[in-house]
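Only one structure is covered here, and it is reproduced in the block below.
The values are calculated or read from the model by the stated rules, or taken from the named source; none is laboratory data. From a predicted model like this one, the values you see are computed outputs, not experimental measurements. Reconstructed Cβ throughout: ideal geometry from the backbone, glycine too, with neighbour counts over all protein chains shown. Protein only, heavy atoms only, side chains kept; ligands, DNA and RNA dropped before computing areas. Shrake-Rupley method; radii C 1.70, N 1.55, O 1.52, S 1.80 Å.
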Amino acid sequence: ILYMNEQWLELVGKTLSEVEGKPYCDHCVFSDCMCASSLEALVSGEESEVFYYPPSNKYYKAFGSHFKNKEGESIGFIITINDVTDMALAQKKTEEQRAILDTVVMSSPDVIWYKDKNGNYLIVNPRFAAMLGRSPEEIKGSTVQQLFNREQAFRFSQSDERALKTKSSWKDESKITFADGHSEILDIVRTPLFTSDGELIGILGVARDVSSR
């Protein structure tokens, strides 16, 4: 180590005289001290991971570059770490919310699906998959024309178009025969989803069995 600024010294709880001339890995703040090969990877432009530093109770992200002489030769490294705590906590909260949403969707007794603006199914829950006798993974990326017969595909496409035209939820009912042979009358709600700028991103569909009603 040739130099550390005051912020870094404060993180490691040292003075400049205590770290000057010492091996970098003896005074780093990473969970696993970085050897020369990992430093090379860092400065080569590879994405570094966000890491948690317990003493400061914060999250950081490291960036590296070569330190060069007047001839352009690399004679060392400049390592910078940025405090990304706010971003990391926001991402963590988003992941937790997504996990909750995934649990709700996947455990729901309703038939649930999400299609992108091009009509490709991106998310379907087990009930939707059971309707077709396939797995959710097999359905992902397919269109309504590839999954349903011609009459059903035409009817479903029309309902999608009506939802898009009105830019609001469109409700209808449809009798569907499942892959196992039983039929259900489904109350279907299709809702177009838009960005804050009004750009269409997809359609969310939810269908509930109302046969008994």
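Here are the numbers:
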| item | result |
| --- | --- |
| Under the Karplus curve 6.51 cos²θ - 1.76 cosθ + 1.60, θ = phi - 60°, whole-Hz ³J(HN,Hα) for the stretch 46-60, x wherever Gly or Pro sits | 5, 5, 8, 7, 6, 10, 9, 10, x, x, 9, 6, 9, 9, 10 |
| Backbone HN-Hα couplings from phi across the stretch 178-195 [Karplus 6.51/-1.76/1.60, Hz, Gly and Pro as x] | 6, 4, 7, x, 7, 10, 9, 8, 9, 8, 10, 10, 10, 10, x, 10, 10, 6 |
| Percentage relative contact order, the stretch 63-155, counting C-alpha pairs under 8 Å, at least six apart | 14 percent |
| Thr94-Asn118 pseudo-label distance in nm [points 7 Å out on the Cα-to-Cβ vector] | 2.2 nm |
| Solvent-accessible surface (1.4 angstrom probe) belonging to Met87, in square angstrom, nearest 10 | 100 Å² |
| Cα pair count fraction exceeding 24 Å, expressed as % - the stretch 108-213 | 17 percent |
| Accessible area (Å², per residue) of the stretch 69-154, counting only protein heavy atoms and a probe of 1.4 Å | 66 Å² |
| Correct choice for Kirkwood radius over Cα pairs in Å that was computed from the model, options (i) 20.0; (ii) 22.1; (iii) 17.9 | (ii) |
| Backbone HN-Hα couplings from phi across the stretch 79-86 [Karplus 6.51/-1.76/1.60, Hz, Gly and Pro as x] | 10, 10, 10, 10, 6, 10, 4, 4 |
| Amide hydrogen neighbours beyond the local backbone of Val84, cut-off 5 Å, H modeled | Tyr59, Tyr60, Lys61 |
| Accessible-area composition of the chain, carbon plus sulfur, in percent [1.4 Å probe] | 52 percent |
